[in-house]
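Engineer: Next up is a structure, given as structure tokens.
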Amino acid sequence: MTANSLPASEDRVRAIAHKLWVDEGMPEGRAEAHWLQAMEIAGAESLAALKAAAMPKAAAPVVKKKPAAAAARKSSPSKRG
């Protein structure tokens, strides 16, 4: 595991390692390599999830509304006499 990766659940690492093994054609003798690669992938996923959770949610823009009386004055035609 590298310094930037975080511990991931063993079940997640196992699932990733199994997928790597299957994707490579189920070779013999590569279990350790698949496990280490799976730990890196799972750690990166965990880090990305933590960063996403820590990011502040974007605030909706504030829309200032005009008072109803001012809006009505501007929308009605002016009378000239």
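Engineer: Trypsin sites (Lys or Arg not before Pro), restricted to the stretch 20-66: which are DSSP loop and have at most 11 other Cβ atoms within 10 Å?
Structural biologist: Taking the stretch 20-66 and a limit of 11 other Cβ atoms within 10 Å, the loop trypsin sites (Lys or Arg not before Pro) found are Lys57, Lys64, Lys65.
Engineer: Then there's this: Each label point is 7 Å from the Cα along the Cα-to-Cβ direction; what then is the distance between the points at Leu50 and Glu10, in nm?
Structural biologist: With each label placed 7 Å out from Cα toward Cβ, I get 2.1 nm.
Engineer: Over all distinct alpha-carbon pairs, what is the Kirkwood Rh of the stretch 1-58 in angstrom?
Structural biologist: 12.2
Since every read-out is calculated from the coordinates, none of them should be taken as a lab result. As the structure is a prediction and not an experimental result, all values here were calculated from the model. All Cβ positions, glycine included, derive from the backbone under ideal geometry; neighbour counts span all protein chains shown.
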